[in-house]
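What follows is a single structure, written as structure tokens, with notes after it.
The values are calculated or read from the model by the stated rules, or taken from the named source; none is laboratory data. Keep in mind that this is a model prediction, so the values were computed, not measured. Ideal geometry is used to build each Cβ from the backbone, glycine not excepted, and the neighbour counts take in all protein chains shown.
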């Protein structure tokens, strides 16, 4: 009886799980259907993520090399799919592409370019001496996206552009995981801008 009586109190004190998705950052809408990228079709392969990111737990780096996972704060889906879906959406809203599809691609769909992405870091960075101070004198954390990418021309399977994106988004109030997700989302939106710029240069040549 004592054990049964105590159980409801245990459950009442338990911290609820919180789940997060990507793709909510406000992106600039396409305002024209003209230009070098008009009518191009883009296929996005499933992003590859570093081994430590193959989890639904949000990762936080404590410099220099410790990774901790936020047990109560989790991705709502697999992180590779979340990143791919969000990135495809940001690309589609930033240029007049005919289509931008994440695998699995529609049957019989054809593409002008295929994008490959390898995500090396997608994490919070805990407050530390290297993060600077905010306006209130607090030591903020950061959001960090590091990813290698390639743009492949489907016609001849040639890699026509490649790069390494290293996005540090400052101003993360530690333990505010909703804010961390927003900063990581903003980093993905910035990556989309970088990819669109690379595609525009290629298409203009």
Taking segment 104-119 and keeping residues assigned to a loop (DSSP other than H, G, I, E, B) and either in contact with a helix residue (DSSP H, G or I) (Cβ under 8 Å, 6 or more places away or on another chain) or without any contact (Cβ under 8 Å) to a residue 60 or more places away in the chain (or both) leaves 104, 106, 107, 108
Flagged pairs (Cβ under 6 angstrom, 6 or more apart or on separate chains; first in segment 81-97, more than 22 Å from residue 55 (Cβ to Cβ); second in a helix (DSSP H, G or I)) are 90/189; 90/192; 91/192; 94/192; 94/196; 95/196
Considering only segment 26-33, I want to know if a residue exists there that is closer than 30 Å to residue 197 by Cβ, surrounded by fewer than 13 Cβ atoms within 10 Å (Cβ to Cβ), modelled with pLDDT under 95 and within 16 Å of the chain's Cα centre (by Cα). yes
Exactly one of 37, 57, 117 is more than 21 Å from residue 173 (Cα to Cα) and at pLDDT 95 or above, and that residue is 117
Right, residue 72: in contact (Cβ under 8 Å) with a residue 40 or more places away in the chain, closer than 16 Å to residue 147 by Cα and outside any helix (DSSP H, G or I) or not? no
If we keep only residues of segment 121-156 that are part of a loop (DSSP other than H, G, I, E, B) and touching a strand residue (DSSP E or B) at 6+ places or on another chain (Cβ under 9 Å), then the residue modelled with the lowest pLDDT is 134
A careful count of residues in segment 53-68 that are farther than 15 Å from residue 141 by Cβ, surrounded by fewer than 14 Cβ atoms within 10 Å (Cβ to Cβ) and in contact with a helix residue (DSSP H, G or I) (Cβ under 9 Å, 6 or more places away or on another chain) gives 1
